[in-house]
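What follows is calculated from the coordinates using simple rules that are stated; it is not laboratory data. Only a predicted model underlies this, so the values are computations on that prediction, with no experimental measurement involved. Backbone-built Cβ (ideal geometry, glycine too); neighbour counts: all protein chains shown.
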Amino acid sequence: MEMAMVRECEVGDCSYNWEHRCHAFAITIGDDVHPMCDTFCRSSGKGGTSEAIAGVGACKVSGCSHNNHLECECSEISVGYRGEEIDCMNFESR
Ligand code: SF4
Ligand code: SF4
């Protein structure tokens with residue numbers, strides 16, 4: 001199983017976001033129910049490194065049809081706004 005890559009992220013005010021890409025090494029998605037980006041943060045400086053393109057290190061949303069033992073089986077995902085929440089846009093309920 002390959003780690004799902006974060007293809008794009010539209011959350012420009014997250015510290016890990018540089019030009020619509022996530023530059024953390026890996027992110028965590030979700031609590032038990034909601035597919036939000038648990039790695040989102042705002043700080044005064046930028047996070048991550050310019051070379052890194054994030055993968056999905058863990059996903060806690062067992063109710064997503066792409067979730068297998070709390071890992072994501074997609075080859076890539078995107079992250080964006082769903083209402084007020086910052087979510088994995090590839091979430092699909094089982
Ligand atoms: S995927 Fe999450 S951690 Fe990465 S830039 Fe977007 S909101 Fe931030
Ligand atoms: S597609 Fe589903 S399993 Fe993959 S990160 Fe998004 S919510 Fe988690």
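Grab the other residues whose beta carbon is less than 14 angstrom from that of residue 93, score K and R as +1, D and E as -1, and report the net. Net charge around residue 93: -1.
Our summary gives the chain a relative contact order of 34 percent, counting only alpha carbon pairs under 8 angstrom and 6 or more residues apart.
Can you sort 7, 94 from fewest to most other Cβ atoms within 10 Å of each residue's own Cβ?
Numbers: 7 18, 94 9.
Least to most surrounded, the residues fall as 94, 7.
Think of each Lys and Arg Cβ as +1 and each Asp and Glu Cβ as -1; about the Cα centre, that makes the dipole of the range 5-88 roughly 200 debye. Length available on full extension from residue 82 to residue 70: 0.36 nm per residue minus the Cα-Cα distance, which gives 2.2 nm. Approximating the spin labels as points 7 Å out from Cα along Cα→Cβ, the residue 93-to-residue 3 distance works out to 3.1 nm. Count Lys and Arg as plus one, Asp and Glu as minus one, and take only other residues whose Cβ is under 11 Å from that of residue 75; the net charge is then -2.
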